[in-house]
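The values are calculated or read from the model by the stated rules, or taken from the named source; none is laboratory data. This structure is a prediction, so every number in the text was calculated from the model and none was measured. Virtual Cβ from ideal backbone geometry, glycine too; neighbours counted across all protein chains shown.
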């Protein structure tokens, strides 16, 4: 049995260590270009790809493949955002994701700002679609940093 979290618990994924207080207009203007590049890459692979906006604390892009793994339409996944994790990850794996998220960002913030784009965190977790569960190998890597890193 999977415990369902309240939708406002997506805040558990956003910690002081990954909080972004300000993004310059020039940097935010780059987002459309980044999303278009990732869309092009997603069309050429079977991989599930998404972009997280830590300033607005939600997805700004998610490939259709990720939506289908959850049994959702792409529009539903974008609307759900981080709620997708809460609804489609078993409780034990969700707790592990929260722990990896915290420890990963703690480590990330210890790195020199100039080195942060060189790192990737990888881990496995299960994603459910009804009664079916799939083991997902996940990579988290930064693609753009705020002025303060």
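Below are the figures for this structure:
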{"read-out": "Counted residues, the stretch 1-57 - those being part of a helix (DSSP H, G or I) and at pLDDT 70 or above", "value": "18"}
{"read-out": "Filter pass, residue 72 being farther than 28 Å from residue 27 by Cβ and surrounded by 13 or more Cβ atoms within 10 Å (Cβ to Cβ)", "value": "yes"}
{"read-out": "Among the residues listed as 50, 61, the single one being buried (at least 17 other Cβ atoms within 10 Å of the Cβ), without any contact (Cβ under 8 Å) to a residue 24 or more places away in the chain and within 15 Å of residue 144 (Cα to Cα)", "value": "50"}
{"read-out": "Any chance residue 77 is surrounded by 12 or more Cβ atoms within 10 Å (Cβ to Cβ) and either part of a helix (DSSP H, G or I) or in contact (Cβ under 8 Å) with a residue 60 or more places away in the chain (or both)", "value": "yes"}
{"read-out": "Given (1) under 29 Å from residue 24 (Cβ atoms); (2) in contact with a strand residue (DSSP E or B) (Cβ under 8 Å, 6 or more places away or on another chain); (3) without any contact (Cβ under 8 Å) to a residue 40 or more places away in the chain, index of the condition residue 124 fails", "value": "(1)"}
{"read-out": "Looking only at the stretch 131-143, and only at residues there that are surrounded by 13 or more Cβ atoms within 10 Å (Cβ to Cβ) and within 28 Å of residue 56 (Cβ to Cβ), the one that is farthest from the chain's Cα centre (by Cα)", "value": "136"}
{"read-out": "Counted residues, the stretch 81-121 - those being over 30 Å from residue 148 (Cβ atoms), in contact with a strand residue (DSSP E or B) (Cβ under 7 Å, 6 or more places away or on another chain) and not in a loop (DSSP other than H, G, I, E, B)", "value": "2"}
